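One structure is given below, encoded as structure tokens.
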2 protein chains.
Amino acid sequence: MIPIDASSGFECPIPAEDGERILLGHGSGGKLTSRLIQSIFRKYLNSAELAQGNDAAVTAIPPGFSRIAVTTDSHVVKPLFYPGGDIGRLAVSGTVNDLLTSGAVPYALSVSFILEEGLEIRLLECVLQSMQATASEAGVIINTADTKVVERGKCDGMYITTSGIGWVNDDFAPAGDRAEVGDSVLISGRIAVHGIAVMCARGELGFQANVRSDNAPLTELVSRLRDQVPSVHVLRDPTRGGLATTLNEIAAQSQVTIALEEAAIPVDEEAGQLCELLGFDPLWVANEGKMIVIVPAADAEKALQVIRASRYGEDAAMIGKVVERNPLAGVTLRNVYGTHRIIDALPGEMLPRIC
Amino acid sequence: MIPIDASSGFECPIPAEDGERILLGHGSGGKLTSRLIQSIFRKYLNSAELAQGNDAAVTAIPPGFSRIAVTTDSHVVKPLFYPGGDIGRLAVSGTVNDLLTSGAVPYALSVSFILEEGLEIRLLECVLQSMQATASEAGVIINTADTKVVERGKCDGMYITTSGIGWVNDDFAPAGDRAEVGDSVLISGRIAVHGIAVMCARGELGFQANVRSDNAPLTELVSRLRDQVPSVHVLRDPTRGGLATTLNEIAAQSQVTIALEEAAIPVDEEAGQLCELLGFDPLWVANEGKMIVIVPAADAEKALQVIRASRYGEDAAMIGKVVERNPLAGVTLRNVYGTHRIIDALPGEMLPRIC
């Protein structure tokens, strides 16, 4: 057990004995690429589609679905491993959660790696193991993949791009422009964890913290909502830019004002204290395992119970309301003293490379 | 008209006046990201799905198709612009061609950008313009996108990952494991152009050359085959690793021996001369606008005529045959003197970062 990156506390379970590293030739498309695929990728990623080795994976469209959801995201998080997660878990969770926001049943992910020459292959193995474990948890397969290698200093270990497809039917169709006046706004758990966990893992703060990332796939939570509260209007995961930015996006798409109650917003205790210390507002800190759920008021209590009964949803809370139609759109926050203020989208950069 | 990269001879048509550059904040997910999307991405990439601004694009599955094809590729070509193409045209063409190899009707691409802090925004604009033009030529839409920004020195200008989906029906189902003894092997044009064009563009050779990349989407060529020669057994684009490596992959998937006639293989004249000078074999040089077509002998002449009548197919040729079932698989080449030799997959690296 050798620590790879002392700042993140990560210990790679694969021994460093052989110390094999990525070479430029692993990206050639020739024999070295083929050997990397056979001996490393296939060891961890396994699906019938991937094993066929064609340039495109072909899958039957299941009966009962009339539409398909597609999403893509590149992941450049730094460091690659941090308390509670790693770039592999982040990539799979993020893409699955994006599919879920459209009401889709996530089906498959394609994965493309950009690797830096010199990367220890056992680190790649740890990431692949984590990706397959997270994919299994999320109920998706990895159906096609690609690998490129760039010279030392032209990447930062590895970047991973995941794209996902999922099946959609007409009974459950949440979308960003469907928030309506009177709707209740729910959040599935305590915010501000992921951004703070990643920042702490960089070891630049000069102190230790115990915040662990929330990166997780929310398949179970959303599939319970699909079954029990199909009236849900909007689902959106508040990642980069945090809760405040994501709610502003929804407000703009739906042309409404969303009013939040500060006291109702669940913030992770330690992450909240660190935010205070560092001068951040938890409302703008990234989350990677939370879902905003906007639902007609009549179904809000039921939705809350369904979320709380789901994995990763136990701390869910009702945090506000859609209060008026407003072509200028916006988000307001009422603090504990009853004062209202406008909550804007994140203006510039807060923490680069948190996802 | 200011040359950006003298070695590639590329001239960016967008004036350098404002000199605006990518900032880390453009990857924050906040207001700067939103401004980049609104003012730059939307100017060039336009589809109804993209304009909706949801985390996942949702599309109706067209009637008559029972399956879906999915593919993904990261692109790290260096330089970003080279004679005959650029990273944007390469990414769109490569992904479309991979979809075509499965017999799919290409429908949509998702695009994810990793941008380096300090990149001139007008270079991004040139790439976006080229992507949209190539997508239009290929008959696909760009339905969803993502942007991340990394610090100076952690990327090389930009990396682009494209994933594609296409619709498949049961009437046309080429696959790598369907080559049969007696089949004819065709190539859609002169090989060895892309790899040599990119290498020359790096300006490291000490001389000028006029080789232009063949990067192009082969939608028209394959859709004519689908309509007129649906008996096609295998389609595969010989990119990284060249014709030799790709044929070895097919031979291994189908467990056959493929026998090539050296004299029949069309090689671009100037690229061939440069290969001789540099000690490369054109058989292992990457192509980005060629298709290997393996078809029952009875339909080979017809397939050749159909390809020659298509855009990018005028120099197509019949280059060999599938000669025997062989669990060890392999590719042989008979030269002009009648001698046979074994043609292996590319062993290591030849030209890094050609796609």
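The values are calculated or read from the model by the stated rules, or taken from the named source; none is laboratory data. The model shown is predicted, which means the values in this text are computed figures rather than measured ones. In this analysis, Cβ positions are derived from the backbone assuming ideal geometry, glycine residues included, and neighbour counts consider all displayed protein chains.
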*Qualifying positions in segment B:226-236 - crowded, with 24+ Cβ neighbours inside 10 Å and either among the charged types (D, E, K, R) or not assigned by TED's automatic domain parsing to the domain that holds B:H194 (or both)*: B:R236
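Being assigned to a loop (DSSP other than H, G, I, E, B) and within 25 Å of B:D98 (Cα to Cα) is the filter; apply it to segment B:119-155 and report the residue that is farthest from the other protein chains (Cβ to nearest Cβ). Lay out the reasoning, then the answer.
First, pick out the residues of segment B:119-155 that are assigned to a loop (DSSP other than H, G, I, E, B): B:119, B:139-140, B:151-155.
Still in the running and within 25 Å of B:D98 (Cα to Cα): B:139-140.
On the way: B:G139: 16, B:V140: 12 Å.
So, considering only residues that are assigned to a loop (DSSP other than H, G, I, E, B) and within 25 Å of B:D98 (Cα to Cα), the one farthest from the other protein chains (Cβ to nearest Cβ) is B:G139.
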_Search result, residues across segment B:101-118 that are buried (at least 22 other Cβ atoms within 10 Å of the Cβ) and farther than 19 Å from B:E49 by Cα_ = B:T101, B:S102, B:G103, B:A104, B:I114, B:L115
*Return only the number of the condition from (1) more than 7 Å from chain B (Cβ to nearest Cβ); (2) in contact with a Lys or Arg (Cβ under 8 Å, 6 or more places away or on another chain); (3) under 30 Å from B:L80 (Cβ atoms) that A:V76 does not satisfy.*
(1)
*Any chance segment B:321-343 includes a residue that's under 27 Å from B:D73 (Cβ atoms) and within 21 Å of the chain's Cα centre (by Cα)?*
no
*asked:* Condition first: assigned to a loop (DSSP other than H, G, I, E, B), more than 7 Å from chain B (Cβ to nearest Cβ), more than 15 Å from the chain's Cα centre (by Cα) and within 23 Å of B:T59 (Cα to Cα). Can you find one or more residues in segment A:48-60 that meet it?
replied: no
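Return the residue satisfying two criteria in turn: it lies in segment A:23-47 and is assigned to a loop (DSSP other than H, G, I, E, B) and surrounded by fewer than 24 Cβ atoms within 10 Å (Cβ to Cβ), and of such residues it is farthest from the other protein chains (Cβ to nearest Cβ).
Keep residues of segment A:23-47 that are assigned to a loop (DSSP other than H, G, I, E, B), which gives A:23, A:28-30, A:45-47.
From the residues that got through so far, the ones that are surrounded by fewer than 24 Cβ atoms within 10 Å (Cβ to Cβ) too are A:23, A:45-47.
Working: A:L23: 7, A:L45: 13, A:N46: 17, A:S47: 12 Å.
Residue satisfying both the conditions and the ranking: A:N46.
Suppose we filter A:S213, A:S223 for residues that are crowded, with 17+ Cβ neighbours inside 10 Å and at negative phi; which single one remains?
Details: A:S223 fails: crowded, with 17+ Cβ neighbours inside 10 Å.
Going through A:S213, A:S223 in turn, the sole match is A:S213.
Can you say whether A:D98 is out of contact with any strand residue (DSSP E or B) (no Cβ under 6 Å at 6 or more places or on another chain), buried (at least 23 other Cβ atoms within 10 Å of the Cβ) and of a type outside the set (S, T, Y), as far as the supplied structure shows? Before you say what the answer is, go through the steps one by one.
Numbers: out of contact with any strand residue (DSSP E or B) (no Cβ under 6 Å at 6 or more places or on another chain): no; buried (at least 23 other Cβ atoms within 10 Å of the Cβ): yes; of a type outside the set (S, T, Y): yes.
In short, no.
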*asked:* When you scan segment A:82-90, do you find a residue that is crowded, with 24+ Cβ neighbours inside 10 Å, in contact (Cβ under 8 Å) with a residue 12 or more places away in the chain and within 7 Å of another protein chain (Cβ to nearest Cβ), even just one?
replied: no
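Please tell me if B:D73 is over 30 Å from A:L243 (Cβ atoms) and outside any helix (DSSP H, G or I). Working first, answer last.
On the way: over 30 Å from A:L243 (Cβ atoms): yes; outside any helix (DSSP H, G or I): yes.
Considered against the rule, which asks whether it is over 30 Å from A:L243 (Cβ atoms) and outside any helix (DSSP H, G or I), B:D73 comes out as yes.
Is it the case that segment A:177-200 has a residue that's under 30 Å from A:R122 (Cβ atoms), among the aliphatic types (A, V, I, L, M) and not assigned by TED's automatic domain parsing to the domain that holds A:L333? Show your work before the answer.
In the first step, residues of segment A:177-200 are kept if they are under 30 Å from A:R122 (Cβ atoms); the result is A:193-200.
Okay, now just the ones that are also among the aliphatic types (A, V, I, L, M), so A:193, A:196-199.
Subsequent filtering for residues that are not assigned by TED's automatic domain parsing to the domain that holds A:L333 retains none.
No, the conditions are met nowhere in segment A:177-200.
With respect to A:I319, is the statement that it is assigned to a strand (DSSP E or B), touching a strand residue (DSSP E or B) at 6+ places or on another chain (Cβ under 7 Å) and at negative phi true? Talk me through it step by step, then tell me what you get.
Values: assigned to a strand (DSSP E or B): yes; touching a strand residue (DSSP E or B) at 6+ places or on another chain (Cβ under 7 Å): yes; at negative phi: yes.
Spelling it out, A:I319 is indeed assigned to a strand (DSSP E or B), touching a strand residue (DSSP E or B) at 6+ places or on another chain (Cβ under 7 Å) and at negative phi.
Rundown of residues vs (1) in contact with a Pro (Cβ under 9 Å, 6 or more places away or on another chain); (2) surrounded by 18 or more Cβ atoms within 10 Å (Cβ to Cβ), yes/no style:
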residue	(1), (2)
A:A263	no, no
A:D268	yes, yes
A:A271	yes, yes
A:P282	no, yes
A:E314	no, no
A:L333	no, yes
A:G338	no, no
A:L346	no, yes
*Given the structure, is B:G19 out of contact with any Leu (no Cβ under 9 Å at 6 or more places or on another chain), outside any helix (DSSP H, G or I) and not assigned by TED's automatic domain parsing to the domain that holds B:Q129?*
yes
